[in-house]
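The values are calculated or read from the model by the stated rules, or taken from the named source; none is laboratory data. If you're wondering where the values come from, they're calculated on a predicted model, not measured in any experiment. Here the Cβ positions follow ideal geometry from the backbone for every residue, glycine too, while neighbour counts run over all protein chains shown. We work out accessible area using only protein heavy atoms, side chains counted, and drop any ligands, DNA or RNA first. Shrake-Rupley method; radii C 1.70, N 1.55, O 1.52, S 1.80 Å.
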Amino acid sequence: MFNEHHYYLINDDKFLNNQTINSLMKIIHHHPNDVVKIFNLLKLCKAISVFNELDFSIKKKIIEEFSSIKRMELLNNLSVKDRFSFLEKIPKNLLKDLIKYLNPEEKRKILVSLGYPENSIGCLMIPYYLSVQKTWKVQEVFDYIRKEVKNSDIVEIVYIVDQKGKLVDDIKLRDFLLVDPNTRVSDLMESQSSSALNLKDTEEKASKIFSMNNRVSLPVIDDHNFLLGIVTVSDLLLILNENYREDLQKIGGMEALNQSYLNEPLYRLIKKRAGWLILLFIGEMLTTTVMQEFSSVIEKAVVLALFIPLVVSSGGNSGAQAASLIIQAMALGEVKIKDWWIVMQREIICGFFLGSILGLTGFIRVIAWHKINLFNYGPHWILVGLTVFFSLVGVVLWGTLSGSMLPFIIKKFRGDPASSSVPFVATLVDVIGLIIYFSMSYILLRGTLL
């Protein structure tokens with residue numbers, strides 16, 4: 001039955017793409033030697049559906065004989081589950097070659113699935129490199145490169161390993177070009193060991209090492225110094241840029257977008273923003289509760305309501321400043337969790353002086369407006385000015401303290417410090433700020449306006 005369709009099988013893509021998955025499976029079963037030709041004619045969606053139904057040995061044959069473009073297309077469009085199920089059975093020597101065809105995001109997913117720590121250098125690693133032994137002659141290195149370079153675009157560095165595969169040194173390719181072909185590799189090696197990244201290093205740590213070494217790629221080793229692969233600065237910068245974009249969006253009070261703003265579907269854009277807005281709205285409702293509790297104070301001294309926006313916004317601004325500074329310092333590795341006490345001391349001092357500066361400005365404003373008859377704050381205008389002064393000191397101090405400590409608390413519980421976003425800090429400061437303001441008003445104005 002299937003032999004009479006042999007012509008269509010080899011040459012007619014329309015015939016093949018009109019077949020059901022079961023029919024294609026039968027065709028492949030009867031023509032196993034033509035499986036690669038069949039897959040080259042199938043549309044991607046149909047090829048993926050058929051690929052997932054095949055035995056591992058046939059899948060392996062297809063991948064091995066596919067062109068680079070076809071490999072890249074198929075591997076990147078498999079689901080994470082199906083890709084992992086296939087790649088976990090692949091021999092390590094072939095696995096190293098296949099992973100390089102994955103785009104950065106898909107490579108990260110599969111490496112995490114294969115056991116590499118998330119957000120580690122292992123997830124960026126290219127498991128392919130040029131390695132030689134120090135006993136080789138330069139001519140042997142050239143012969144090896146000519147043989148292997150077809151499998152890699154990265155030929156800048158040649159890595160020196162011992163017989164067990166442990167990293168000994170690395171040498172730039174240009175250094176081989178300047179010596180006699182009979183020179184031993186050991187004669188080109190430097191006494192100082194090369195810089196390398198550990199498999200578990202974070203992306204931030206890797207960026208520091210790259211900046212100190214001025215390299216386009218660095219080797220990746222495990223805890224026992226075995227050479228596992230390399231990381232390129234271009235891949236690292238791509239991920240760091242993506243993380244930076246996500247952190248900015250989180251600081252702004254929303255979930256990170258999966259793609260650029262204009263390409264993000266409108267319904268998903270609304271969904272990602274609505275969650276945070278609802279949470280922040282519920283938080284801001286607490287400010288209404290606070291004002292209801294102090295409504296009697298406002299009724300007796302309406303003048304206090306005039307300064308609510310001034311006092312509360314100053315606390316929110318100071319908290320946003322502190323949170324942004326600490327989140328950035330954490331991202332750059334300048335501040336660790338163990339530094340929380342030092343940061344707290346510094347922010348208490350900063351908060352006090354910043355609050356005093358703003359409080360003095362507010363106090364002068366009350367005095368000036370009353371004296372030049374722009375507004376009459378009543379017979380107790382000095383007490384009103386002092387209330388504004390001390391309230392601003394307290395609210396700004398609270399803002400800087402909460403804004404600087406929230407990233408530490410979230411980091412301690414293994415969260416993302418960027419999630420302690422500016423709107424979240426501002427909401428927290430609004431509620432406590434009102435309590436501070438009305439409490440200070442009650443203490444200073446009791447027996448006079450209150």
Residue set LYS92, LYS81; condition at pLDDT below 85, open to solvent by 70 Å² or more (accessible area, probe 1.4 Å), closer than 30 Å to GLU148 by Cα and not hydrophobic (A, V, I, L, M, F, W, C); output residue LYS92
Of all residues being closer than 16 Å to ILE171 by Cα and not in a loop (DSSP other than H, G, I, E, B) in segment 202-219, which is most open to solvent (accessible area, probe 1.4 Å)? Just the residue, please.
ASN213
Pairs with Cβ under 8 Å, 6+ apart, first in segment 35-56 and under 19 Å from LEU94 (Cβ atoms), second open to solvent by 70 Å² or more (accessible area, probe 1.4 Å)
VAL36/GLU65; PHE56/LYS89
Lone unmet requirement of (1) surrounded by fewer than 16 Cβ atoms within 10 Å (Cβ to Cβ); (2) modelled with pLDDT under 80 for SER57
(2)
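Please find, among PHE353, PHE375, PHE390, the residue that is more than 25 Å from MET285 (Cβ to Cβ) and in a loop (DSSP other than H, G, I, E, B).
PHE375
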Number of the exception - PHE352 against (1) of a type outside the set (A, V, I, L, M); (2) surrounded by fewer than 21 Cβ atoms within 10 Å (Cβ to Cβ); (3) modelled with pLDDT under 85:
(3)
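Residues VAL155, VAL141: which one is open to solvent by less than 20 Å² (accessible area, probe 1.4 Å) and either assigned to a helix (DSSP H, G or I) or at pLDDT below 85 (or both)? Before you say what the answer is, go through the steps one by one.
Working: VAL155 fails: open to solvent by less than 20 Å² (accessible area, probe 1.4 Å).
Just one listed residue meets the conditions, VAL141.
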So which residues in segment 294-336 are open to solvent by 60 Å² or more (accessible area, probe 1.4 Å), in contact (Cβ under 8 Å) with a residue 60 or more places away in the chain and more than 19 Å from LEU397 (Cβ to Cβ)?
LYS300, LEU332
Residue tally, condition open to solvent by less than 70 Å² (accessible area, probe 1.4 Å) and either among the aliphatic types (A, V, I, L, M) or in contact with a Phe, Trp or Tyr (Cβ under 7 Å, 6 or more places away or on another chain) (or both), over segment 270-290:
3
First in segment 402-413 and under 16 Å from GLY333 (Cα atoms), second anywhere and aromatic (Phe, Trp, Tyr) and open to solvent by 20 Å² or more (accessible area, probe 1.4 Å), Cβ under 7 Å, 6 or more apart
PHE408/TRP340
Can you give me the number of residues within segment 176-201 that are in contact with a helix residue (DSSP H, G or I) (Cβ under 6 Å, 6 or more places away or on another chain), at pLDDT below 85 and surrounded by fewer than 18 Cβ atoms within 10 Å (Cβ to Cβ)?
1
May I ask you to verify whether ILE69 is of a type in the set (A, V, I, L, M), buried (at least 17 other Cβ atoms within 10 Å of the Cβ) and part of a helix (DSSP H, G or I)?
no
